[in-house]
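Participant: Structure below; questions to follow.
The values are calculated or read from the model by the stated rules, or taken from the named source; none is laboratory data. Bear in mind the structure is a predicted one, so any value in this text is a computation, not a measurement. Using ideal geometry, Cβ is built from the backbone for each residue, glycine included, and neighbour counts are taken over all protein chains shown. Side chains are part of the model used for accessible areas, which takes the heavy atoms of the whole protein and leaves out ligands, DNA and RNA. Shrake-Rupley method; radii C 1.70, N 1.55, O 1.52, S 1.80 Å.
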Amino acid sequence: MSFIWAIVTGIVFSYFFKNSLMFFVGLFVGPMLYRFFNNMAPVRDNPANPTLFLTVAFEVLGHLSKAKGQVTVDDIRLASHYMDQLQLDAEKRKLAQDSFNRGKVTNYPLRKRLNEIYNQYRYRRKVLMVFCEQLIQAAMSDGYLDEKEKQILNIVAEEFHIPKAQMAIYIQMIMASYQFQRQQYSNQNYQSQHKGNYQRHYQQSTSKNDINNAYRVLGVDPSVDVVIIKRAYRKLMNEHHPDKLVSKGLPKEMLEAAKKRSQEIQAAYDLIKADRGFK
């Protein structure tokens, strides 16, 4: 194949530079170009490894828990709750528990493992985005992110070649989802207990802060045009479409979390629609 590149490059060079001597330069440059593009050539057809995704996700979750200091009973409980949310079977739950424990060790090779995930999914950017989102969601289970957790998330961004500003947006969106979800849960509880007065309570509880959280869930500013809101909504729903994520190698066990995220996006969009009065 490099021989063909040499010949073709020689012909192109001699034609472009209108000099027959450039053909011989092309013979020299051609194989170099071949090696360069061959090394850069994507392993796009390589099948994704869903087990690796699940394993590293829980390893990093364990590493996040350890980063705050001593891993507490609450940390373990939250990790277990996350496993419940993902509806892991006994085999996958054991895999997740072992992975969580590996991530807690002092010399856990964080960058190396993240690089393995990146190489596996570098041409499946939506899956890498979901990895980040679900990692942030799991870390947010206790209601906040401390500085050490943010540092680890920035390392994830570096290894996935995601700009820090973009990772900051992911964090902001997931934090807004957490707050929005809590408000929705509060409203649902009130609805079940005070059905007759729910509409009045809903109007009172849907404060400006709740609306702002809804915008942050979609990653847009409250001042933007309706067209931009709709575009952001469609983009997020497309990125979290279960069938598309599975086709790109997302483990089926992670689909529940992706579906939950879609529900939060839909609820936020519905609230904004009601507030802005558009269809």
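Participant: Restricting attention to the stretch 77-84, does a residue exist that is of a type outside the set (A, V, I, L, M, F, W, C), open to solvent by 20 Å² or more (accessible area, probe 1.4 Å) and part of a loop (DSSP other than H, G, I, E, B)?
Facilitator: no
Participant: Now, a different point. Residues that are under 14 Å from Met173 (Cβ atoms), without any contact (Cβ under 8 Å) to a residue 24 or more places away in the chain and assigned to a helix (DSSP H, G or I): does the stretch 224-233 have at least one?
Facilitator: Within the stretch 224-233 (the criterion being under 14 Å from Met173 (Cβ atoms), without any contact (Cβ under 8 Å) to a residue 24 or more places away in the chain and assigned to a helix (DSSP H, G or I)), the answer is yes, since at least one residue qualifies.
Participant: Give Val29, Val56, Val73, Val105 a once-over and let me know the one that is surrounded by 13 or more Cβ atoms within 10 Å (Cβ to Cβ), at pLDDT 70 or above and among the β-branched types (Val, Ile, Thr).
Facilitator: So the residue among Val29, Val56, Val73, Val105 that is surrounded by 13 or more Cβ atoms within 10 Å (Cβ to Cβ), at pLDDT 70 or above and among the β-branched types (Val, Ile, Thr) is Val56.
Participant: Report, by residue number, each residue of the stretch 231-279 that is closer than 23 Å to Val127 by Cα, charged (D, E, K, R), surrounded by fewer than 17 Cβ atoms within 10 Å (Cβ to Cβ) and at pLDDT 85 or above.
Facilitator: Arg231, Arg234, Lys235
Participant: I would also like to ask the following. Take the residues in the stretch 159-174 that are without any contact (Cβ under 8 Å) to a residue 24 or more places away in the chain and part of a helix (DSSP H, G or I); name whichever of them is surrounded by the fewest Cβ atoms within 10 Å (Cβ to Cβ).
Facilitator: Here the residue is Ala165.
Participant: Out of (1) over 15 Å from the mean Cα position of the chain (by Cα); (2) at pLDDT 85 or above; (3) closer than 29 Å to Ala274 by Cβ, what's the single condition that is false for Gln151?
Facilitator: Here Gln151 clears every test but (3).
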